[in-house]
1. Since A:Pro291 meets every condition but one in (1) within 7 Å of another protein chain (Cβ to nearest Cβ); (2) modelled with pLDDT of 95 or more; (3) surrounded by fewer than 22 Cβ atoms within 10 Å (Cβ to Cβ), which condition does it not meet?
2. Identify the single condition in (1) modelled with pLDDT under 95; (2) part of a loop (DSSP other than H, G, I, E, B); (3) over 30 Å from C:His298 (Cβ atoms); (4) not basic (Lys, Arg) that D:Tyr165 does not satisfy, given that it satisfies every other one.
3. Within the stretch C:244-254, can one find any residue that is at pLDDT 95 or above, among the acidic types (Asp, Glu) and in contact with a helix residue (DSSP H, G or I) (Cβ under 7 Å, 6 or more places away or on another chain)?
4. Given the structure, is A:Lys97 more than 14 Å from chain B (Cβ to nearest Cβ), touching a residue at least 60 places away in the same chain (Cβ under 8 Å), within 23 Å of C:Gln328 (Cα to Cα) and open to solvent by 10 Å² or more (accessible area, probe 1.4 Å)?
5. Please go through the stretch B:321-351 and pick out each residue that is aliphatic (A, V, I, L, M) and within 12 Å of chain D (Cβ to nearest Cβ).
6. For the stretch B:335-388, enumerate the residues that are farther than 30 Å from A:Gln247 by Cβ and among the acidic types (Asp, Glu).
7. State the number of residues belonging to the stretch A:358-374 that are open to solvent by 10 Å² or more (accessible area, probe 1.4 Å), closer than 15 Å to A:Ala120 by Cα and assigned to a helix (DSSP H, G or I).
8. Considering only residues that are open to solvent by less than 10 Å² (accessible area, probe 1.4 Å) and within 14 Å of chain A (Cβ to nearest Cβ), which ones fall in the stretch C:39-50?
Protein chains: 4
Amino acid sequence: MERLRVAVIGTGFIGPVHAEAVRRNPGLAELTAIAGSSEEAAGEAAARLNVPFYSGDYRDVIAREDVDLVHICTPNYLHYPMAKDCLENGKHVLCEKPLAMTSAEARDLLRLAEAKNLKAAVNYNLRYYPMIQEIKSRNSKSPDGRIFALQGSYLQDWLLHETDYSWRMESKLSGKTRAVADIGTHWMDLAQYVTGLKIEKVLAQFGRMFETRRKSAGGRDHTFDRGGEKKPSDYTSYPVDTEDHAQILLSFEGGVLGNLTVSQVSAGYKNFMEYRQMGRDVSYSWNSEAPNRIKIGHRDQANEILMKDPGLLHSRAASMSAYPGGHQEGYGDTLKFILRDFYSDVLGRSVEGGASDYPTLQDGLAEMLLCEAIIKSAETGEWMEVGV
Amino acid sequence: MERLRVAVIGTGFIGPVHAEAVRRNPGLAELTAIAGSSEEAAGEAAARLNVPFYSGDYRDVIAREDVDLVHICTPNYLHYPMAKDCLENGKHVLCEKPLAMTSAEARDLLRLAEAKNLKAAVNYNLRYYPMIQEIKSRNSKSPDGRIFALQGSYLQDWLLHETDYSWRMESKLSGKTRAVADIGTHWMDLAQYVTGLKIEKVLAQFGRMFETRRKSAGGRDHTFDRGGEKKPSDYTSYPVDTEDHAQILLSFEGGVLGNLTVSQVSAGYKNFMEYRQMGRDVSYSWNSEAPNRIKIGHRDQANEILMKDPGLLHSRAASMSAYPGGHQEGYGDTLKFILRDFYSDVLGRSVEGGASDYPTLQDGLAEMLLCEAIIKSAETGEWMEVGV
Amino acid sequence: MERLRVAVIGTGFIGPVHAEAVRRNPGLAELTAIAGSSEEAAGEAAARLNVPFYSGDYRDVIAREDVDLVHICTPNYLHYPMAKDCLENGKHVLCEKPLAMTSAEARDLLRLAEAKNLKAAVNYNLRYYPMIQEIKSRNSKSPDGRIFALQGSYLQDWLLHETDYSWRMESKLSGKTRAVADIGTHWMDLAQYVTGLKIEKVLAQFGRMFETRRKSAGGRDHTFDRGGEKKPSDYTSYPVDTEDHAQILLSFEGGVLGNLTVSQVSAGYKNFMEYRQMGRDVSYSWNSEAPNRIKIGHRDQANEILMKDPGLLHSRAASMSAYPGGHQEGYGDTLKFILRDFYSDVLGRSVEGGASDYPTLQDGLAEMLLCEAIIKSAETGEWMEVGV
Amino acid sequence: MERLRVAVIGTGFIGPVHAEAVRRNPGLAELTAIAGSSEEAAGEAAARLNVPFYSGDYRDVIAREDVDLVHICTPNYLHYPMAKDCLENGKHVLCEKPLAMTSAEARDLLRLAEAKNLKAAVNYNLRYYPMIQEIKSRNSKSPDGRIFALQGSYLQDWLLHETDYSWRMESKLSGKTRAVADIGTHWMDLAQYVTGLKIEKVLAQFGRMFETRRKSAGGRDHTFDRGGEKKPSDYTSYPVDTEDHAQILLSFEGGVLGNLTVSQVSAGYKNFMEYRQMGRDVSYSWNSEAPNRIKIGHRDQANEILMKDPGLLHSRAASMSAYPGGHQEGYGDTLKFILRDFYSDVLGRSVEGGASDYPTLQDGLAEMLLCEAIIKSAETGEWMEVGV
């Protein structure tokens, strides 16, 4: 196969972002089909994005011969059934996170992919910031890279107001945890990926700013769409059963400490993820608002600010630097590179900058198991072991 | 009494800092005596600081008629006996933190001060950064200042290496917790002060980078003195029984969430304290490396950076701004202002910028109770109620 | 015409960046051809980027019927002849900056495009950072937006060492100014665009770190390729006749002051552009290392940090925000949006977020005239009027 | 003489700051007298600051036997006559900047001090930020510290509004330049001090936001007192004949380039001074809003952020670090250390951390000559040589 023929399911915020990322890998793939929640939505997207085929029914897309691989960019509760359908129809899958609603579902997908000998990935794309890769490379090469503790946050504010609404507010559609599953798993995936250490135990405390929220009767419900901008007229109340905010102590392999705060109600933090790693000799810190630099902390010499400059980075990080030093890479660029890795693996090609290590179904399952342990800990107030 | 006659006990790092702060309140106090751990140390300090009387025995200082108030700037295990002696000799006391080795000791001092009708303060001076005062004023005036969650850190690196030593490494001299008592209590005092909310429950996890450390036989042992600079010759090993790093979940009155990381082994963080407060409408964040500004986070408008400018601050914060907008105030200035408040109260004078609210023995006791609950939680892995 | 058929000439650093940006506008254009400096370079790029046609001779590309519009991404001395050929062959043109080697050449292109009724743009893409658009919108809407002074820098370090080499070092290939033409014109275009004010007079001072530099005999010569990485063996010396560093006072329409520093030899500044605008009521500042925020300075209230969040921006800036608040847009995204504007204009379509105002040949000419005045001023040490 | 007996003339903003700095050098000096513009002002200050003697006539203070050294903290036009009186009365002098109204006056003081064999200093205190000292030490020790270019700003906003008033607005009281003399000379003194290079030529452009301003009839006129806070009632208009904003190209010894922007009307910049030094191998940058760190820029390795940590600094910078690493030093601390240096020199004592090099009358004269050349250049639009 010379180029993968790719379909995208979903036309909300993230679907078109995936579609664009496909086009940014022109040597590896072409975009052949798109599916939406309605014929109209799909048609509009296909026209705007110049996609040859579209449908309001994702099964039409999956059934096509000119589709080798499917991106699933739909609400969480659809990930499992759609991924299952894809795999059963012989399509490779790239699924948005979280992979499923439960670890049982995730395990089922893992089994199926193996049985069918198909490749699958989960879109923990934040791994693909060049400076995250750089920390990972340094961790594996450091003579005394023994990691002692991690600290971090993932803070947003798009659900701050009582009238902010999205399908993510509905646990039936989104799952039993919200903030943790949606953004907390990004942090935990990244931490485990960068350090190579598994989280073994968790202790969590949840917070909810509103026990009851209001939504507009006919409101759109896209992620990041803000209720505050709607007319104040016909709102209906609904109970909230998922967390707005979580603080979680983490115990990694080998006793490494971790502390994570996750929030969707922290005013002024639009999409702020920070990662701090304290080690025996150096510390690293990175945050998503200034993603093209890391701070390297030293005790006996000046701290360093390493900027994204291909000439200063390890080879894999350099391979994810599309532009010269100082030219900022952004969120969209991470999608481009996760696709480069995943597609290369599906095509059996080698990847620029070293081995492909995109987030797999196994990684997606690991996050589901973490979510389940975190929920249980938040309910009991006790340390919980993470399932395997 | 026109001006208080003040003595300082202790000639290490913090004693002379106190002495200077006394001199920066010339309308309220004069420095009449200094005591050190030896005649020589006291004499040297007295000469350098031009103090009329000195002694190697603190009791000589306490016994003097021309001393109204005593600053206790000695290792932790001496706070209680010295404070007790001062109070029994009819002297007001300003004691370095932590107030004592146990809550029982702290209670004893509280009882004694009341019995003797003497004033006492504990040096949680970080309250006196103007921008911390500004957050406090905004919290009390906000129409919807309901606080939802707090997050913070206090990170240092001066104990990163195995050979770093200070008397604080010895639990006999420093107490059963180290990082938490030394710097964690600064954060917890500040959080409770700024929000007006008490911490009710804690869940802590401790980390120790080295189970055994080495110290140089004849090494000096001042805080922040680094073992790494000593000759590698004659070190002796000793077991470490206190924490280098702690991560603590906090539950404040009214269910407000809190999450604190404390460390003395985080490379590159010299003395980094950060405080983030998430509320229903705004968030505030402050850190000690850029203490003259706060970030005010908003959902529906631009975030704000409020800089220390007397013309833009509430009156009490403005009263702690010695210089015009943009001129940086530093660590030393907080000492000046805590003394201004405490001395004014002792003298029965009103304080510029509003009521004096320096940290009292009650506040010092509260921190001891917190330390005890945190130790117990770290041992059991369970949530612990904080004693009252 | 439904979609423009686009060709790219040039396969160095910036050519493939353009090619990708074409693909990110799938509703407006398709990429049909690519030309390189050799058959081999063009073929390699065509394979990697999956472009249907390629050639080592750009005239093959210009001659094609399935090419409506050509991107010129070659060394400066080729811009004029290639743009001329394109226009004469009836192709619209997007040319890299600077537009030409002299203002006479630029004027010739302007005349030709008008005569042929073709559209042309010059790639001053930095206008397309969303936050730059936001400043522009605020400038035009401000009740008292009177601008008083501008200050800025564009600093790089890729020519710091004596052995750093690129074709830009050769004035025959690059033009009579180097730092000013290459990066200074970016700043001046942006300043004039954002404020709507023309620069009328300039006073410049040039600096050269090395009068003679060395280049490796067979070295590659791409921009940002560093001499320091080459073998120290067979270097040859050559005289440098263009500036490494320039400081320029600018006088804008209406007496507005401007001050710009440009450098390619400022260690540690990879690609740092900063823009500060002081006005009667507010100041704005932006820099390219943190491009998704602006600082809004106030006298009588807190300063603001406005982050790229579509919900907080004016419509045109919002239309250039591909992702929700906090998700960083990068350098590559500016290319995408300049193409969106230019292609829409060529196709006669309306542009999302308001009128298209991409940099035209007129703007390209304006920069050439500025370069010429700056050179003359640097030679004479006197204020020079900018030609019209 | 064991300790200097010091008097302060001036009770406005900066006088009490000096008084406090005297008290922070208790081993070197004591404060014996204070003079104000009226008996009342002096009496109030003396009471508040606990100064034994005060007068509304500075000559009373100068005449005293128990005064060895006088601090002149009055409006600019009084510096020369008061300094002259002091020297003629045999008193050493520390004078606020700028030293005088003209270079002729400055020269006269220089002559007089030499004739009387008295010491004198000018308060360019910003030299005394520890990190400024660190850059200076690195400059003198660097194996290839050849400096290539300097860039900087000193921006304030306290005169942004038409009604902002201070005696500095009156050229009779303040001198022929305002922004340049008041804050620009701080930057130029610092640049010459840190690099050891003299400024030889200047080219300046001045800006004035208002040709006519208004002042309140009976308004107070302290620096940083803001007109905007006054009642809008009885204002009177007055013409402005000094600059609000200046941009200045500087040519240092050896052809080193310099570019400085100075402003008192840049909204949101309270007191922002930045210094950037580009060299052959590294760059340094520092700014007054984060004074306890410098950024060290590198081409071929990560940039560094060196924080004020005595253990990481050269000896002289370390000697100006009163607190351990990470504890912020502020504006007030610079005063303490300039006095330490000056007093030590007057007393003939050695200075901790190396030779005393406080700003002398010669340095004060150099700044007057710079101001005169800058004024002339702004008038003529031509490069001007700086007098010697």
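1. Condition (3) is where A:Pro291 drops out.
2. Result: D:Tyr165 fails condition (3) only.
3. Scanning the stretch C:244-254 turns up at least one residue that is at pLDDT 95 or above, among the acidic types (Asp, Glu) and in contact with a helix residue (DSSP H, G or I) (Cβ under 7 Å, 6 or more places away or on another chain).
4. So A:Lys97 passes the test.
5. Of everything in the stretch B:321-351, those that are aliphatic (A, V, I, L, M) and within 12 Å of chain D (Cβ to nearest Cβ) turn out to be B:Ala322, B:Leu335.
6. Residues satisfying the conditions are B:Asp341, B:Asp345, B:Glu352.
7. 4
8. Hits for the stretch C:39-50 are C:Ala45, C:Ala46.
The values are calculated or read from the model by the stated rules, or taken from the named source; none is laboratory data. Not measured: the values here are computed from a predicted model. Every residue, glycine as well, gets a Cβ built from its backbone with ideal geometry; the counts of neighbours run over all protein chains shown. Quick note on the areas: whole protein, heavy atoms, side chains included, nothing else; ligands and nucleic acids left out. Shrake-Rupley method; radii C 1.70, N 1.55, O 1.52, S 1.80 Å.
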